[in-house]
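Trainee: Pasting a structure below so you can have a look.
Each reported figure results from applying straightforward, stated rules to the coordinates on display, with no laboratory input. The structure displayed is predicted, hence computed values, not measured ones. All Cβ positions, glycine included, derive from the backbone under ideal geometry; neighbour counts span all protein chains shown.
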Amino acid sequence: MIGMSFAGVDLSVGAFTVTETDAFSAPSKTSKIIELARRDGSVLIFEKFNSRTINISGYVKADSGLNLRAAINQLKSLLLVPKSSFVINEDGSLLTYDKVKMRNLNISRDETQVTYATWSAELFSEQPFGLDGVSDTWFDMDVTAATNSIPFVVGGTYPGYPIIDITVTSINPNDADTTIVFGNPATSQLLEITRTFKNGDIINIDTLNRRVFIGTQLISPDGQFPAWIPGAGTFEISDLATSRTLHIKGVAPRRFL
C-alpha cells in the first residue's frame with residue numbers, strides 16, 4: 001500500500017484518499033549545448049536536474065457535511081504551511097522530499113455531493129531528489145601513503161554528495177606549507193588545499209553545499225567540488241608531505257530521483 005503525507009498530514013487515511021500522482025516521475029533536466037563553429041555537431045557543456053513539481057489528486061469523503069467541511073479546511077490550511085516535507089510511504093519504506101511548498105489546491109463538488117468532494121494539489125519541491133533516511137559510510141580509515149585510491153559503492157539513483165572529514169593525525173612538515181588534493185579521479189573533480197597543516201587539524205568538506213572548513217574557519221579551496229554517480233566509485237587523496245597519517249571518513253545520504 002502507498003501512503004502520502006505533507007507537513008505531517010496523512011493524505012491517504014481517514015477522510016482523505018489519493019487516487020493519482022506523478023510523484024514517481026523523474027525531474028526534468030536542463031542541458032547547455034553549444035553548436036560547433038567549423039564542423040558538424042555540438043558539444044554538451046553541462047546539465048543539471050531542475051526543481052520539481054509534484055501533482056496529487058484524490059477525494060475527500062466524510063460521514064456528514066460538517067465533517068466534510070472540516071476536512072476541506074484542513075487541506076486548505078496546508079497552503080499556509082512554510083516549506084515542509086512530503087513523504088511517500090510504500091509498505092513502510094519512506095522517501096522524503098524536503099523543502100516542499102503546496103502551491104495550488106483545487107476542490108470540486110456539486111450540489112448533490114454533501115459528504116464527498118474531489119481535490120487536486122500542486123507541490124513545489126526545491127530539490128529534485130528524495131531521501132530514504134539511510135546514510136552510507138563510503139570509507140572510514142587511516143591512510144599513510146602519499147597517494148591513496150579507495151573504492152566504494154554509491155547508493156540511490158541521484159549522484160552522491162558526501163560529507164568528508166580529513167583528520168590530520170600527524171604530518172611532516174608541520175611548520176611549512178604543503179598541499180592535499182582529493183576528490184573523484186574519474187571525473188577530474190578534485191579539490192586542492194595548500195597551507196601549513198598542524199597535527200589535529202580537521203578538514204570538513206560539504207560537497208553538496210560546497211563548503212570547506214578547517215576547524216571553525218571557512219576556507220576556499222582550489223578546484224571543483226566532487227560528486228559521484230550511482231554505482232562503483234573511487235575516492236582519491238594525495239599530498240606533497242614527507243610523511244603523514246590521515247584519517248579519512250566519507251558519509252553520504254542516499255538520494256533518489
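Trainee: What are the ³J(HN,Hα) couplings of the range 178-185, residue after residue, when phi is run through the Karplus curve with 6.51, -1.76, 1.60 and θ = phi - 60°? Round to Hz, x for glycine and proline.
Mentor: 9, 10, 10, 10, 8, x, 9, x
Trainee: Could you go through the range 248-253 in sequence order and give the Karplus-derived ³J(HN,Hα) for each residue, using 6.51 cos²θ - 1.76 cosθ + 1.60 with θ = phi - 60°, rounded to whole Hz, and x for Gly and Pro?
Mentor: In residue order, the calculated couplings are 10, 9, x, 10, 9, x Hz.
Trainee: Roughly how far apart, in whole Å, are the Cα centres of the range 209-257 and the range 61-106?
Mentor: Here the two parts' Cα centres lie 38 Å apart.
Trainee: For ALA241, list long-range residues whose amide hydrogen, built 1.01 Å from N in the peptide plane, is under 5 Å from its own amide hydrogen.
Mentor: THR179
Trainee: Separate question: Can you report the principal axis dimensions of the range 97-218 using only the alpha carbons, biggest first, rounded to whole angstrom?
Mentor: 83, 30, 23
Trainee: Of ALA186, GLN74, ASN50, which is farthest towards the positive pole of the chain's charge dipole, taken about the Cα centre with +1 and -1 on the beta-carbons of Lys, Arg and Asp, Glu respectively?
Mentor: Selected residue: GLN74.
Trainee: Aspartates and glutamates within cross-link reach of LYS83: Cα-Cα under 18 Å, excluding same-chain residues under 8 positions apart?
Mentor: Reachable aspartates and glutamates: ASP10, ASP98, GLU122, GLU126.
Trainee: Please check which bits of the range 106-144 a label hung off SER28 would reach, taking the label as a point 7 Å along Cα-to-C-beta and the cut-off as backbone N under 18 Å.
Mentor: Once the point is set 7 Å along Cα→Cβ of SER28, 122-129 turn out to lie under 18 Å by backbone N, inside the range 106-144.
Trainee: I would also like to ask the following. Cα-Cα pairs above 17 Å in the range 2-128: how many percent?
Mentor: In whole percent, the share of Cα-Cα pairs in the range 2-128 beyond 17 Å is 63.
Trainee: Just from the alpha-carbon atoms, what are the Rg and Dmax of the range 84-149 in angstroms?
Mentor: 22.0, 77
Trainee: Charges at C-beta only: +1 for Lys and Arg, -1 for Asp and Glu. How large is the resulting dipole of the chain about its Cα centre, in Debye rounded to 20?
Mentor: Roughly 640 debye for the chain.
Trainee: Based on the alpha carbons, how large is the Rg to Rh ratio for the chain when Rh follows Kirkwood?
Mentor: My calculation puts Rg/Rh at 1.14.
Trainee: Over what distance in Å are the Cα centres of the range 1-48 and the range 116-154 separated?
Mentor: Rounded to whole Å, the Cα centres lie 17 Å apart.
Trainee: Go ahead and run the numbers for FRET between ALA232 and ASN104, Cβ-Cβ distance against an R0 of 45 Å, rounding to 0.05.
Mentor: Step by step, r from the Cβ atoms, then E = 0.60.
Trainee: Label GLN74 and GLU90 with points 7 Å out from Cα along Cα→Cβ: what is the distance between them in nm?
Mentor: Output for this residue pair reads 2.6 nm.
Trainee: Enter the per residue convex hull volume of the range 150-220, computed from alpha-carbon coordinates, in Å³ rounded to the nearest integer.
Mentor: It is 110 Å³ per residue.
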